[in-house]
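Comments concern the structure below.
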Amino acid sequence: MRLAACVLSCGLMLAGGSIAGLAEEVPQARIEASRAVAASFAGELKEALTKEMAASGPIGAVDVCKSMAPEIADRASEKSGWEVARTSLKPRNSGNAPDAWEAEVLQAFAARKAAGEDPAKMETWAIVDDGGQKRFRYMKAIPTASLCLACHGTSIEPELRAHLDRLYPDDAAVGYREGDIRGAFTITQPM
């Protein structure tokens, strides 16, 4: 079992984001750099979606999200030298399904939200052993904003639903309400 999975399973994740016993090993600069990459990704994607939503509505926004989100992640990965992506327990694109560590973090985020914590402030990080290679893992929760509800909410227009079904036949990313945890930005850095 990977170290992070063991630590998370044992319930040692701290609400502030670090893993008990490992926080001292994580340079603050690594955490801050991860926050900056996640914030840049979020800002760039939100700007593109807001612009397209105003110009052509939800169907255009879905098309922008399908093409732009992977491009933004690829640019961030190339620039930083890290793996940068989005994930969710209910992914729209099955290629964004979480690995075991990410799934446990997303479940912990859900528990933290249920306990009253603000999803906009949720993040976590850990040093994990990945087949003998130490890696720094970081995740930042993505709360569902009102902008997201047209495509991810509980009531999706039939024409949009048909478009989503064509693009994403296995779409699970629906049924959200404003403030729900839609997923997370996820960053993996070699140590």
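Data for the structure
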| item | result |
| --- | --- |
| Those residues of the stretch 117-152 which are surrounded by 23 or more Cβ atoms within 10 Å (Cβ to Cβ), outside any strand (DSSP E or B) and in contact with a Pro (Cβ under 6 Å, 6 or more places away or on another chain), in sequence order | Cys151 |
| Candidates Ile142, Ile127 - the one that is touching a Gly at 6+ places or on another chain (Cβ under 8 Å), closer than 21 Å to Glu83 by Cα, touching a residue at least 12 places away in the same chain (Cβ under 8 Å) and β-branched (Val, Ile, Thr) | Ile142 |
| Test: Leu12 is more than 21 Å from Gly183 (Cβ to Cβ), of a type outside the set (S, T, N, Q), at pLDDT below 90 and surrounded by 12 or more Cβ atoms within 10 Å (Cβ to Cβ) | yes |
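The values are calculated or read from the model by the stated rules, or taken from the named source; none is laboratory data. From a predicted model like this one, the values you see are computed outputs, not experimental measurements. Don't worry about glycine lacking a Cβ; one is built from the backbone with ideal geometry, like all the others, and counts go over all protein chains shown.
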